[in-house]
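Undergrad: Next up is a structure, given as structure tokens.
Any read-out appearing in this document is the output of simple, stated calculations on the displayed coordinates, not a laboratory observation. Note that the coordinates shown come from a computational prediction; the quantities given were computed from them, not determined experimentally. Virtual Cβ from ideal backbone geometry, glycine too; neighbours counted across all protein chains shown.
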Amino acid sequence: MIIDCHGHFTTEPASFREHRSALVAFAEGRSADPGEYPGIDDAELADIIEANQLRLQRERGTDVTLISPRASGMGHHVPGQKVADRWARLSNDTIGRITELFPDRFAPVGQLPQVVDGDPDPVIAEMERCVAAGFVGFNLNPDPSGGDWSGPALTEPWWDPIWETLERLRVPAMVHVSATTQHGSHTTGSHYLAGDTIAFMQLLSGDLFERHPYLQLVIPHGGGAAPYHWGRYRGLAITQDKPALSEHLLGNLSFDTCVYHQVGIDLLLQVIGPEHVLFGSELLGAVKAEDPQTGHPFDDTKRYVDAAPISEADRATVFEANARRVYPRLDERLRAQGR
């Protein structure tokens with residue numbers, strides 16, 4: 001089985017996006033409350049998924065996608081906890097409906113109602129609501145400010161109630177920033193990758209996994225700069241009197257394969273090791289273009305894993321076993337389906 005740990009609902013109808021724009025305008029004091037969104041009816045939602053995510057699954061040979069709301073659309077920099085709560089609930093309920101329509105093809109991952117200078121309680125409440133509804137994981141934003149990095153680092157005590165809840169609920173978090181508010185910072189080309197790298201360095205400098213030994217985190221997009229500057233980070237760990245990275249981080253931290261060229265995937269697998277890498281594609285991804293050098297889409301990451309110089313056993317670990325281990329509720333969902 002081939003499990004894609006990193007998928008997004010990026011094909012929302014115009015009415016869904018328009019409602020979000022109206023909700024943001026309300027939160028920023030520019031317009032009246034738009035009220036509740038009437039929802040996407042099942043037939044339209046099924047048609048959207050069939051024509052996009054499901055079509056690409058079939059074409060590229062994957063079996064199950066962990067699908068979550070559009071990452072850049074989480075918009076945690078938008079002010080107001082009540083608006084964040086409403087938006088997370090609507091977004092997550094839509095993801096839940098997709099997985100109900102296609103239970104064999106998708107498993108639900110939620111966004112969290114984070115805000116700048118927010119409180120952990122609403123985040124925890126949404127976690128508990130979603131897990132009760134069958135969600136298997138969450139996307140967690142290490143920087144709700146959208147690029148200011150003004151909040152507490154991931155290793156600071158502010159986060160402990162959230163980490164404790166993830167451990168208790170037996171769900172991991174993918175550490176995934178949202179939209180950037182910084183002029184000159186491209187959302188998917190620089191802000192995402194910088195966010196991955198900053199989060200990794202925060203984890204390296206702290207003792208999070210010593211305090212939360214059952215916590216599992218995934219850093220997407222191949223881990224940002226971390227695998228490609230592994231010597232730098234090994235050296236920084238030594239200068240900070242930290243254990244070897246394999247001991248300090250990799251028992252609780254994984255990376256995905258959202259790296260859009262063969263050499264990058266090969267290096268990721270060589271440096272980090274297949275046992276710490278989950279297959280992911282960002283379906284539908286950050287780069288919707290065909291590579292003229294290969295004739296294939298950049299984000300068809302299965303091709304890179306298929307061609308990587310690793311054993312078939314290691315390939316199965318990347319494609320399936322790691323996702324089942326890191327996402328135990330996914331494993332239970334698949335077992336209940338006889339898979």
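Undergrad: Estimate the FRET efficiency between Ser185 and Ala46 by the formula 1/(1 + (r/R0)^6), using the beta-carbon distance for r and 35 Å for R0, to the nearest 0.05.
TA: After rounding to 0.05, the efficiency reads 0.45.
Undergrad: So what is the 222 nm mean residue ellipticity for the chain from helices alone, if each DSSP H run of at least 4 adds -39500 (n - 2.57) and you divide by all residues, rounding to the nearest 500 deg cm²/dmol?
TA: Per the formula, -12500 deg cm²/dmol.
Undergrad: Rounded to the nearest 5, what is the percent of antiparallel bridges among the DSSP beta bridges in the chain?
TA: 10 percent
Undergrad: Have a look at the range 97-141 and give its Rg and Dmax from the Cα atoms, expressed in angstrom.
TA: 11.9, 39
Undergrad: Another question, if that's okay. For the range 21-146, what log10 I(q)/I(0) values come out of the Debye formula at q = 0.16 1/Å, with one point per alpha carbon and no solvent?
TA: The computed values of log10 I(q)/I(0) come out as -0.83.
Undergrad: Still on this structure: Please give the direction-averaged projected area of the C-alpha convex hull for the range 240-311, in square nanometres with one decimal.
TA: 5.9 nm²
Undergrad: A follow-up question, please. Fully extended, how many nm does the chain gain between Glu247 and Ser205 (0.36 nm per residue separation, minus their Cα-Cα distance)?
TA: Extending this stretch completely gives an extra 13.8 nm.
Undergrad: Starting from the alpha-carbon convex hull of the range 188-270, give the projected area averaged over all orientations, in nm².
TA: Quarter of the Cα hull surface area: 5.3 nm².
Undergrad: Still on this structure: Place +1 on the Cβ of every Lys and Arg and -1 on the Cβ of every Asp and Glu in the range 192-339, take the dipole about the Cα centre, and give the residue among Tyr192, Leu284, Phe209 whose Cα lies farthest towards its positive end.
TA: It is Phe209, whose Cα lies furthest towards the positive end.
Undergrad: What is the ratio of the Cα radius of gyration of the range 126-206 to 2.2 N^0.38 Å, with N the residue count, to two decimals?
TA: 1.17
Undergrad: Under the definition of Cα pairs under 8 Å and six or more residues apart, what whole-number percent is the relative contact order of the range 1-101?
TA: 44 percent
Undergrad: Could I ask something else about it? Using a basic spin-label model with each label point 7 Å from the Cα along Cα→Cβ, how many nm lie between Ala125 and Ala14?
TA: 3.5 nm
Undergrad: Determine which lysines satisfy two conditions relative to Lys288: a Cα distance under 16 Å, and not lying fewer than 8 residues away in the same chain.
TA: Lys302
Undergrad: Roughly what percent of Cα-Cα pairs across the range 24-87 reach past 15 Å?
TA: Across the range 24-87, Cα pairs with separations above 15 Å total 67 percent.
Undergrad: Moving on. Given the alpha-carbon gyration tensor of the range 98-242, what are the semi-axes of its equivalent ellipsoid in whole angstrom, ordered largest first, with each equal to the square root of 5 times an eigenvalue?
TA: Over the Cα atoms of the range 98-242, the ellipsoid semi-axes are 25, 19, 16 Å.
Undergrad: If each of Gln337 and His261 carries a label point 7 Å out from its Cα toward its Cβ, how far apart are those two points in nm?
TA: Going by the 7 Å Cα→Cβ label model, 3.5 nm.
Undergrad: Please list, or write none, the aspartates and glutamates whose alpha carbon is within less than 14 Å of the alpha carbon of Lys242, excluding same-chain residues fewer than 8 places away.
TA: Straight-line reach from Lys242, under 14 Å: Asp207, Glu210.
Undergrad: Here is a further query. Modelled label-to-label distance, Gln293 and Arg324, 7 Å Cα→beta-carbon offset: nm?
TA: Placing both labels 7 Å beyond Cα along the Cβ direction yields 3.5 nm.
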